[in-house]
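Participant: Have a look at the structure that comes next, please.
Since every read-out is calculated from the coordinates, none of them should be taken as a lab result. The structure displayed is predicted, hence computed values, not measured ones. With ideal geometry, Cβ positions are generated from the backbone for all residues, glycine too; neighbour counts draw on all protein chains shown.
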């Protein structure tokens, strides 16, 4: 195990955006993290490097920004190359992405662990590697979330994202239920892992999840008024931020890491 994970992501609402305009809307609404993603390219679809760099520049360091990088089955080297291209295109004066993530679809546990460890070792200094598990792991031909949480802890990873692979299927809460999400948080917390959740979350899911333990709650469709292919709106984002704030105020002393 390495010296220990470095946490670069704050707790709160993460909003996935596909344009500079959407990034501005997310920030106006109070998002804690702006995540650059191209929804048309898959559950963790990566944007073109020039698009991602432009969004990173527009965010301007006001809030941390992160990169969705596709699937780790393409190889850690390709994921790292994508991150480096984005960083190079951003140039001096543009804040580095705070984190990068790639999904585990199509990988067995041993292969995932090997590629994730290469990712941890190879990302530019200052970019946190986020491990991803799919709640519908069978459909994704990926390891189950508990296995990824344990392996991520062994690789000194600070954050694990639980997402859904099939964006046409049920959202995370309907797919697995709150008991499963609580159990994943209970497994992750003693290992020093901060849990993030995403996957077709509705506005009504956000407050409930904020009381279940996850530190980061990621959305796109809810920020777009219910349609993943829609447009992020500051009013929707502000509503979601308010729900999280109220829920965590009611749960003061229960959650850790926020």
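Participant: Using a Gaussian network for the chain with springs between C-alpha atoms less than 10 Å apart, which of these wobbles most: 150, 52, 125?
Facilitator: 125
Participant: Another question, if that's okay. Given Cα positions, please report Rg to Rh for the stretch 114-154, the hydrodynamic radius being the Kirkwood one.
Facilitator: With Rg and the Kirkwood Rh in hand, the quotient comes to 1.02.
Participant: Hey, got the Cα dimensions of the stretch 79-131 along the principal axes, in Å, largest first?
Facilitator: So the three principal-axis extents are 39, 16, 13 Å.
Participant: Still on this structure, please answer the following. Fewest Cβ neighbours within 10 Å first, please rank 35, 21 accordingly.
Facilitator: The fewest-first ordering by Cβ neighbours comes to 21, 35.
Participant: Please report, in cubic angstrom per residue, the volume enclosed by the convex hull of the alpha-carbon atoms of the stretch 44-95.
Facilitator: Each residue corresponds to 66 Å³ of Cα convex hull volume.
Participant: Now, a different point. Quick check on the chain: helices-only [θ] at 222 nm, where DSSP H runs of length 4 and up contribute -39,500 (n - 2.57) each and the sum goes over total residues. Nearest 500, please.
Facilitator: Taken over the chain, the calculation gives -12000 deg cm²/dmol.
Participant: Test of understanding: ordering 92, 115 by Cβ neighbours within 10 Å, fewest first, what list do you get?
Facilitator: So the residues, fewest neighbours to most, are 92, 115.
Participant: For the chain, what value does the Rg/Rh ratio take when both radii are computed over Cα atoms and Rh is the Kirkwood radius, given to two decimals? Please list the in-between numbers first.
Facilitator: Working: Rg = 16.4 Å, Rh = 17.7 Å.
Ratio of gyration radius to Kirkwood radius: 0.93.
Participant: Largest first and to the nearest Å, give the Cα extent of the stretch 1-127 along each principal axis.
Facilitator: Between the extreme Cα coordinates on each principal axis of the stretch 1-127 lie 42, 34, 28 Å.
Participant: Please give the length that would be gained between residue 183 and residue 77 if that part of the chain were fully extended, namely 0.36 nm times their separation in residues minus their C-alpha to C-alpha distance (nm, one decimal).
Facilitator: Result: 34.9 nm gained on full extension.
Participant: Next question. If the viscosity is 1.002 mPa s and the temperature 20 °C, what Stokes-Einstein diffusion coefficient in µm²/s follows for the stretch 73-161 when Rh is the Kirkwood radius over Cα pairs?
Facilitator: Here the translational diffusion coefficient equals 160 µm²/s.
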